[in-house]
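The values are calculated or read from the model by the stated rules, or taken from the named source; none is laboratory data. A quick note: this is a predicted structure, and the numbers were derived from the prediction, not measured. Here Cβ is always computed from backbone atoms with ideal geometry, including for glycine, and neighbour counts include all displayed protein chains. SASA here: full protein model, heavy atoms, side chains in, ligands and nucleic acids out. Shrake-Rupley method; radii C 1.70, N 1.55, O 1.52, S 1.80 Å.
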Amino acid sequence: MSTDSPLIIALDYPSLDAALCMADQLDPARCRLKVGKELFTRSGPAVLEALHGRGFDVFLDLKFHDIPNTVASAVQAAAEQGVWMVNVHASGGRKMMEAAAKRLSDHQLTTHLIAVTVLTSMQAEDLADVGITASPAEHVMRLAALTQQSGLDGVVCSAQEAAQIKAQCGSAFLKVTPGIRPSFAAANDQQRIMTPADAMQAGSTHLVVGRPVTQAEDPMAALAAIEAELAGGQ
Ligand SMILES: O=c1ccn([C@@H]2O[C@H](COP(=O)(O)O)[C@@H](O)[C@H]2O)c(=O)[nH]1
């Protein structure tokens with residue numbers, strides 16, 4: 001089953017049981033699910049099988065970053081397990097991204113391939129620590145252009161950069177934005193944040209939401225509040 005909803009719920013849990021307990025409260029017609037490093041390292045491909053069996057589209061968020069052949073092979077392995085979306089780090093460079101995109105097309109694999117620009121937990125001083133003197137927005141724009149030139153389908157970025165990316169790369173280029181924080185939620189370790197409604201207004205195509213739902217006292221009420229905000233009900 002697929003959905004028109006832009007919502008991707010991040011299943012950041014330490015066990016398959018805990019992740020499935022949340023998944024079983026969710027509806028594949030209302031959201032997609034994201035499996036990240038913690039859950040995949042704990043549970044392996046079994047989690048993908050379990051979520052696909054429940055009808056969910058799955059974004060496998062492992063942010064591959066390695067030499068071109070290794071990344072292309074990892075992306076192929078993810079796509080062959082039926083995931084809807086997989087990602088790499090744009091800072092792995094043009095050759096790495098081109099190799100990954102080519103591997104998918106050579107094997108007629110239709111999984112969306114996107115690249116992380118600048119993590120939403122980072123601000124200017126964090127970039128400076130790793131030798132990047134550009135602002136987060138400038139660096140995101142540079143990596144978004146490189147990602148598009150390399151033949152990928154879109155980027156992971158902050159919603160704060162979505163409008164500029166839409167203007168530079170077009171509407172069809174995916175803007176997958178974590179760091180989504182409804183007014184009722186804490187920022188946690190996120191730096192470049194935006195509310196769900198503002199993020200859609202800015203041009204995000206997909207909103208990644210984790211703790212504001214999964215750590216809420218009532219996760220289903222939190223999800224409903226986000227949906228109501230997106231529907232203009234608040
Ligand atoms: O730049 C990035 C890239 C990925 N993420 C991931 O998204 C979720 C966000 O979870 P919250 O609990 O809503 O903060 C998480 O799985 C990250 O690994 C990101 O936050 N920023």
## Note on the structure
Note on segment 117-134: residues within 16 Å of the ligand (Cβ to nearest atom) and either buried (at least 20 other Cβ atoms within 10 Å of the Cβ) or not in a helix (DSSP H, G or I) (or both) are Thr117, Val118, Leu119, Thr120, Ser121, Met122, Gln123, Val130, Ile132
## Note on the structure
Within segment 150-168, the residues that are in a helix (DSSP H, G or I), of a type in the set (Gly, Ala, Ser) and open to solvent by less than 20 Å² (accessible area, probe 1.4 Å) are Ala159, Ala162
### Query
Which residues, taken from segment 1-35, are over 20 Å from Pro182 (Cβ atoms) and within 14 Å of the ligand (Cβ to nearest atom)?
Tyr13, Pro14, Ala19, Val35
### Query
Could you say which residue among Leu119, Leu113, Leu109 is in contact with a strand residue (DSSP E or B) (Cβ under 7 Å, 6 or more places away or on another chain) and not aromatic (Phe, Trp, Tyr)?
Leu113
